[in-house]
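Values quoted throughout were computed directly from the atomic coordinates according to the rules given, and no laboratory measurement underlies them. What you see is a predicted model; the values in this text were computed from it and never measured. Here Cβ is always computed from backbone atoms with ideal geometry, including for glycine, and neighbour counts include all displayed protein chains.
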Amino acid sequence: MKIIETISAMQSAADEIRLSRKTIGVVPTMGYLHKGHLSLIKVARENADIVIVTIFVNPTQFAPHEDFNSYPRDISRDTQLAEMAGVDILFIPSSNEMYPSDFLTTINVKHLESKLEGESRPGHFQGVATIVAILFNITKPHVAIFGQKDAQQAIVIKRMVQDLNFDIKIIVAPTVRESDGLAMSSRNTYLSPIERSESAVLFAALKEAEYLIKNGMKNCLTIKENMSKLILSKKSAAIDYISIANPITLDEYEILEKSQLVLISLAVRLGKTRLIDNILINI
Ligand code: AMP
């Protein structure tokens, strides 16, 4: 596995791969790799000749009060895991390289960026869309893999790729979970033992919503009330939002109808740790 730290070296390597008529699959990450990331790498392997993983804790997608400084980092462990997973190139740029002092450009995927996570984390998706566009221009992929775990991120990126005509196929891979249903996340390491055991309630609430819907419940307010009750039965839990929305526009549904695709998503705080999760269902 090659480790590349500069933009020019990464672009030259990508050019060489393309010249040899091989395809590139990229998996953008913020590192502290877990099985969720590894599943994305596997999907990249299945869909491209050469797999590039990027590791960059992107400062512009964190608000000043958020966890940019404390975000878990372990490059030597990540390097080992990436190598074992068969990654061809690990791209680990520095912040100065990615954001020189005269950097001015941002990408805004209007409407989509201000809902759900965007409402709770203003500016987050501007940071995400901009860094992903930068990484696309540096790694020059044919295919990019994102996780359903960050459903809104995948929706925003897909729209950016469509609107700006990036010639890149976006694949969204399923969420990898712990045995109790908790979606794997680098942030799970923040949880105390009690919070960790209570954190299974996020997936339990999503499954409760799915059960209610499959049994004919159409009123979204009632479904959300049931989910809230379950979540708030856990002492450390506080709800940031629960959403039942159209997975393309992210507009909220009030009453569900047959043959709708529904994105049920939530953000919950367990103590100081904010976790998100979602499921996509077809009714
Ligand atoms: P992150 O390092 O958290 O920015 O995540 C990098 C990529 O991995 C994103 O596309 C995430 O959606 C994806 N990802 C994170 N957690 C999971 C998971 N549990 N299952 C599948 N994909 C995930």
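Observations on the model:
- Taken about its Cα centre, the chain carries a charge dipole of roughly 520 debye when the Cβ of each Lys and Arg holds +1 and the Cβ of each Asp and Glu holds -1.
- The simple spin-label model puts a point 7 Å past each Cα toward its Cβ; for His34 and Arg177 those points are separated by 1.4 nm.
- Asp15-Ile194 pseudo-label distance in nm [points 7 Å out on the Cα-to-Cβ vector]: 5.8 nm
- Ordering 117-125, 178-186 by mean Cβ neighbour count within 10 Å, with the highest value first, yields 117-125, 178-186.
- Helix runs (DSSP H) in the chain reaching 30 Å along axis by Cα, Kyte-Doolittle at least -0.5: none
- Bridge type composition, the chain - antiparallel percent by DSSP, nearest 5: 50 percent
- Fully extending the segment from Glu210 to Lys169, taken as 0.36 nm per residue of separation minus the present Cα-Cα distance, adds 11.8 nm.
- Exposed loop sites here mean trypsin sites (Lys or Arg not before Pro) with a DSSP loop assignment and at most 10 other beta-carbon atoms within 10 Å; the chain contains its longest site-free run at 111-234.
- Looking at the stretch 51-121, the chymotrypsin sites (Phe, Trp or Tyr not before Pro) that sit in a DSSP loop and have at most 15 other Cβ atoms within 10 Å of their own Cβ are Phe68, Phe103.
- Enclosed volume per residue, in Å³, of the convex hull spanned by Cα atoms of the chain: 134 Å³
- Local net charge near Gln152, Cβ-Cβ under 11 Å (Lys/Arg +1, Asp/Glu -1): +1
- Label point distance in nm, Ile248-Glu119, each placed 7 Å from Cα along Cα→Cβ: 2.2 nm
- Distance cut-off 22 Å, percentage of C-alpha pairs in the stretch 186-278 lying past it: 28 percent
- Here, the stretch 1-72 yields an orientationally averaged convex hull projection of 5.8 nm² when only Cα atoms define the hull.
- Annotation note: GluC sites (Glu not before Pro) in the stretch 184-271 located in DSSP loop regions with a Cβ neighbour count of at most 12 within 10 Å are Glu254, Glu257.
- Farthest towards the positive end of the charge dipole of the chain, among the residues Val27, Pro93, His124, is the Cα of Val27, using unit charges on the Cβ of Lys, Arg, Asp and Glu.
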